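The structure under discussion appears below in the form of structure tokens.
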Amino acid sequence: MSIEQHTSDDGKEVRIRVKGRFDFEQHQDFRAAYRDTGGTGVRYIVDLAHTEYMDSSALGMLLLLREHAGGEFSDVSITGASEGVRKVLDIANFGRLFRIQ
């Protein structure tokens with residue numbers, strides 16, 4: 001599976017790891033990774049260290065996660081992005097919406 005999810009014991013942190021391609025084919029699995037989590041008040045970490053490629057549909061999925069997490073009050077971090085993936089995030093100005101590490 002290219003999407004892995006781990007929720008902390010207290011439910012306050014959800015880590016979502018994307019492996020390989022992050023595109024529309026991962027839509028259902030990515031949504032399933034956070035659908036049953038708390039939303040507002042939960043810290044989300046999207047680990048892209050093993051992501052080889054992402055497209056505009058992946059950007060849309062990240063925006064949907066942000067909305068689930070509380071919109072402008074959300075706590076969503078994106079970590080481990082390769083140079084190519086980081087370039088996509090930078091072009092989309094996602095540094096204004098997410099904490100990118």
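Can you give the FRET efficiency for ASP23 and ARG43, using 1/(1 + (r/R0)^6), R0 = 25 Å, r = Cβ-Cβ distance, to the nearest 0.05? It comes to 0.45.
Given the chain, what percent of its DSSP beta bridges are antiparallel, to the nearest 5? Taking every DSSP beta bridge with both residues in the chain, the antiparallel ones total about 25 percent. Here the 3J(HN,Hα) profile of region 67-72, calculated from phi with Karplus coefficients 6.51, -1.76 and 1.60 at θ = phi - 60°, is 4, 4, 7, x, x, 5 Hz, Gly and Pro shown as x. Electrostatic tally near LEU97: other residues with Cβ closer than 10 Å to its Cβ, Lys and Arg +1, Asp and Glu -1, net +2. Candidates LEU48, ILE91, LEU64 compared by Cα position along the dipole of the chain: farthest toward the positive end lies ILE91, with charges placed on Cβ. Amide H to amide H, with H built 1.01 Å from N, ILE78 comes under 5 Å of VAL46, ARG99, ILE100, GLN101, counting only residues 5 or more places away or on other chains. What translational diffusion coefficient, in µm²/s and rounded to a whole number, does the Stokes-Einstein relation yield for the chain at 37 °C and a viscosity of 0.692 mPa s, taking the hydrodynamic radius as the Kirkwood radius over Cα pairs? Calculated translational D: 248 µm²/s. Taken one residue at a time, the phi angles of region 22-36 give Karplus couplings (6.51, -1.76, 1.60, θ = phi - 60°) of 10, 9, 4, 5, 8, 3, 5, 5, 5, 5, 4, 5, 10, 3, 9 Hz. Gly and Pro are set to x. The helix-based estimate of mean residue ellipticity at 222 nm for the chain, built from -39,500 (n - 2.57) per DSSP H run of four or more residues and divided by its residue count, is -9000 deg cm²/dmol to the nearest 500.
Net length available on complete extension from PHE73 to GLN5 is 22.3 nm, with 0.36 nm assigned per residue and the Cα-Cα distance removed. Accessible surface computed residue by residue for region 11-85, with neighbouring protein chains in place and a 1.4 Å probe, gives 50 Å² per residue. Charges were assigned to the Cβ only: +1 to each Lys and Arg, -1 to each Asp and Glu. The resulting dipole of the chain about its Cα centre is roughly 180 debye. Placing dummy labels 7 Å off each Cα toward the beta-carbon, the span from GLU52 to ASN93 is 3.2 nm. The accessible surface of the chain, taken with every protein chain in place and a 1.4 Å probe, is 46 percent carbon and sulfur.
The values are calculated or read from the model by the stated rules, or taken from the named source; none is laboratory data. All values reported here derive from a predicted model rather than from experimental measurement. Virtual Cβ from ideal backbone geometry, glycine too; neighbours counted across all protein chains shown. To get the accessible areas, we keep the full protein, side chains included, count just its heavy atoms, and leave off ligands, DNA and RNA. Shrake-Rupley method; radii C 1.70, N 1.55, O 1.52, S 1.80 Å.
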